[in-house]
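Before any comments, here is the structure.
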Amino acid sequence: QVQLVESGGGLVQPGGSLRLSCAASGSIFSIYSMGWYRQAPGKQRELAAAITRGGSTNYADSVKGRFTISRDNAKNTVYLQMNSLKPEDTAVYYCHADIQQVTLLRRGDYWGQGTQVTVSS
């Protein structure tokens, strides 16, 4: 009854920019941390960036200085601004959120369906 819907992926040339969005909807009481993970072909899923409800952020070393995560708590939405993209950023990007539902105040991890980001000339 909670859904995460991502948008904004696509094909971009090296050095270009993309902005990913992820909106949470459903029976939501509160959203704690939100973040973006990515999984390249043949590799494990890894954290790219995360943000707490209060706005504290955490980035993978490989994206520091190039990616910026932000959130709009009123809209239950998290964003990932990706600049200076490199071919090694190519991956499926998954939105994650730690959500407490209205029903029984049940809390758990939720994932989006994934959006492809391809960096290539």
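Observations
- Accessible surface area normalised per residue over the chain is 52 Å², counting heavy atoms of protein chains with a 1.4 Å rolling probe.
- Loop-located trypsin sites (Lys or Arg not before Pro) in the stretch 1-94 whose Cβ has at most 16 other Cβ within 10 Å (DSSP): K43, R45, R53, K64, R66
- Overall dimensions of the stretch 27-121 by Cα: Rg and Dmax, Å: 14.1, 50
- Fully extending the segment from Q13 to Q44, taken as 0.36 nm per residue of separation minus the present Cα-Cα distance, adds 8.8 nm.
The values are calculated or read from the model by the stated rules, or taken from the named source; none is laboratory data. These numbers were taken from a predicted model, which means no experiment stands behind them. Note: ideal-geometry Cβ built from the backbone for every residue, glycine included; neighbour counts use all protein chains shown. These area figures cover heavy atoms from the full protein model, side chains too; ligands, DNA and RNA do not enter into them. Shrake-Rupley method; radii C 1.70, N 1.55, O 1.52, S 1.80 Å.
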